[in-house]
Amino acid sequence: MKIAIIDYGMGNIHSVAKAVALFGARPVITNKKNEISSCDKMVLPGVGAFDDAVLELEKQDLISVIKEQVDQKKAFLGICLGLQLLFESSQEAKIKRGLGILSGRVVKFRPESGLKVPHMGWNDLKVVAGNCPLLDGITGNSQVYFCHSYYPDPADKSAIAATTHYGLEFASVLWKDNVYGAQFHPEKSQATGLKMIKNFVERC
Amino acid sequence: MLSKRIIPCLDIKDGRVVKGVKFLGLRDAGDPVEVARAYDQQGADELVFLDITASFENRKTLVALVQKIAQNIFMPFTVGGGIGEIEDIRNILNAGAEKVSVNTQAVKFPQLISDAARRFGSQCIVVAIDAKKIRKTEGGRQKAEKLSADNWEVFINGGRTPTGIDALAWAEKVARLGAGEILLTSMDFDGTKDGYDLELTKAVTGKVDIPVIASGGAGSLEDFYNVFAQAGADAALAASLFHYQEFSVKQVKNYLKERGVAVRL
C-alpha cells in the first residue's frame, strides 16, 4: 500500500512517513499531483499559519487533487493544521478560506479564567465514536500530545469522533466517511499515536 | 486533564550529546537518537536539544540530526541554541521538531519572535530566558538602572552577558509578541540542586498566560512537586539529575502522581 505524505513545505513529514512505514505501508513524500493520485491513501501534515498553508497549497496547485482524491473515497488523514485546513474558515486566517471538505470553522482558545494558550502538552482523549476505525483499540484514558492555539468547531457534530477537555470540550478527532483528522500529533504521541497510525494504515 | 510535563534536556555539540549521559546499557551515550530513545522509554513527555556549538557551519549537521531524531523517536521535542533566522526556524520545524527555542537573538531583535509566530504559529516558538536576581550593592544603588530591587535581570550569550532588561517585563513582552512558551532558567539556582527558583517561576507564571517551563536547580523529587504546586509551572526541565540517573523520569512522575499532581504515566 502506498500512502502519500503531502509535502507542501509546512511541517514535519519525516515522523509521519517513518510511522506509516513501520506498519508496512510505503510512504510517498510528494507534492506532485500524479504521485498523490497514484497512492491509496493520503496524509496532510501541517505546522504553521493557516493563511500561509492555504497559499502554499494554492501555489503548488494541490487543492484540486486533494478534493478529487477525497471524492474518490480514498482515506485521508489531516494532522493538526492539516486537519484545520479541511474546514471552511479559521479565526487565524486574515485572507484565506479553508478547503471546505468539512463544514464548520476553526476557532481560538480564549485565555480566560487562567487558561493558558497555546494548549501545550499531553491531554486525554474521550472517544465519542467507538466505531471509528482510526480509534480502534484506543481506550478512554489515552493521552496524546497537543500543541495548538486553535481548535476545530465542526458544524456537523456527528463528525466528532473524540473530544478533549481544555477550558471547554473540543473536537480532537474528526471522522466523516473516508476523511479523518487529529488535532493532536499522533506521530508524536508515542505508543497511543502509533496505534492510530497503524489503524490508519490497516483499517481506514 | 492537561498533564504537567517532565522534560530532560540534552546538550548537543557537533551532532553529539555532551555533558556526559551516564546511562547503563547504552551502546553509545553520545548518540542523541539512542539517548532520546532511552528517555522515551522512561516516559519523558518532551525533550529539549540545546545545540551548544551553534555556529553557521553546524546548522546543516543540526538539521540532519533533527530529521534523524524525528524518524526514530515518536515524541515531541524542542531544538534551541544560537537560532536567529526565520530560515533556521523553518528548516528545524520541517525537519521534525515541534518547537524551536530562541534566546539571545530574540533579545537583540525582538521582532524575530513576532515574525516567527506569524509565520509558523505561536505554538512552535519558545523563548528561553536566562534570569539572575539583582541584589542591591553596598551603596544601596542597583546594578542596572532600569531594574528595581528584588527583580531579575535577563542574561544572554549563554549567561555571559547582562542586558539590563528586567526579566518579568521581558517575559510579558515575549508573550505579547507571540511566543507560545517560556523556558525559564534561574542562573542563581542552576547547578545547585537546591530546587527550582520558586520565587522567580511564580513571578513569571503570574505575569503571562502562556505555558512556562521551569529550569535550573532540580535536586530532589520534592523539588518537582514544589515547582508545580507552589510556583504554577507547566513543565519542569532537568539535565544532570536524569543523565546521571539520580532519578528516572518514571520515578519523578510516580512521586508526583502520589502527591496529586496530574502527570502522564
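Among B:E222, B:E181, B:E46, the largest mean-square fluctuation in a Gaussian network model of chain B, built with springs joining Cα atoms closer than 10 Å, belongs to B:E222. When Rg and the Kirkwood Rh are both derived from Cα coordinates, the Rg/Rh ratio for the protein assembly as shown amounts to 0.97.
Each eigenvalue of the Cα gyration tensor of the stretch A:116-204, multiplied by 5 and square-rooted, gives one semi-axis; in descending order these are 19, 16, 11 Å. The modelled label-to-label distance for the pair B:I52/A:K32, using points 7 Å beyond Cα in the direction of Cβ, is 4.5 nm.
Measuring between alpha carbons in the structure, the pairs from A:K157/B:K202; A:K198/B:K207; A:K108/A:K195; A:K32/B:K68 lying more than 32 angstrom apart are A:K157/B:K202; A:K198/B:K207.
The GNM of chain A, with springs linking C-alpha atoms under 10 angstrom apart, assigns the highest mean-square fluctuation among A:E88, A:E68, A:E187 to A:E68. Taking amide H positions as modeled 1.01 Å from N, with prolines and chain starts lacking one, the residues under 5 Å from B:I129 and 5 or more places away or on another chain are B:L183, B:L184, B:T185. Sorted from longest to shortest, the spans of the Cα atoms of chain A along the three principal axes equal 49, 40, 28 Å.
Mean per-residue shielding of peptide B:73-86 is 3, counting Cβ atoms of other chains within 10 Å of each Cβ.
Once you've got the GNM for chain B with C-alpha springs shorter than 10 Å, pick whichever of B:L237, B:L93, B:L184 has the biggest mean-square fluctuation. Highest fluctuation among the options: B:L93. Take every pair of alpha-carbon atoms less than 8 Å apart whose residues are at least six positions apart; their mean separation over the length of chain B yields a relative contact order of 18 percent.
If R0 is taken as 41 Å, the Cβ-Cβ distance between A:S89 and B:A229 corresponds to a FRET efficiency of 0.50.
What is the ratio of the Cα radius of gyration of the stretch B:5-258 to 2.2 N^0.38 Å, with N the residue count, to two decimals? Normalised Cα radius of gyration, the stretch B:5-258: 0.97.
Taking the DSSP beta bridges in the protein assembly as shown as the whole, what percent of them are antiparallel, to the nearest 5? Percentage antiparallel, nearest 5: 40. Report, in listed order, any pair from A:K2/A:K176; A:K126/B:K250; A:K59/A:K116; A:K18/A:K94 with a Cα-Cα distance greater than 29 Å. Too far apart for the 29 Å limit: A:K59/A:K116; A:K18/A:K94. Couplings 3J(HN,Hα) of the stretch B:207-212, computed from phi: 9, 10, 10, 10, x, 10 Hz, in residue order, whole Hz [Karplus 6.51 cos²θ - 1.76 cosθ + 1.60, θ = phi - 60°; x for Gly and Pro]. Relative to the Cα centre, the charge distribution of chain A, modelled as +1 at Lys and Arg Cβ and -1 at Asp and Glu Cβ, gives a dipole magnitude of about 240 debye. Looking at the stretch A:102-204, the trypsin sites (Lys or Arg not before Pro) that sit in a DSSP loop and have at most 16 other Cβ atoms within 10 Å of their own Cβ are A:R203. Annotation: the antiparallel percentage among DSSP beta bridges lying fully within the stretch B:5-258 is about 25. Gyration tensor analysis over the Cα atoms of the stretch B:186-265 returns equivalent ellipsoid semi-axes of 19, 16, 10 Å (largest first, whole Å).
Beta-bridge orientation, chain A: approximately 55 percent antiparallel, per DSSP, counting only bridges with both partners inside.
Every number here is computed from the coordinates shown, using simple stated rules; none is lab data. Since the structure is predicted, the reported quantities are computational estimates derived from the model, not experimental observations. In this analysis, Cβ positions are derived from the backbone assuming ideal geometry, glycine residues included, and neighbour counts consider all displayed protein chains.
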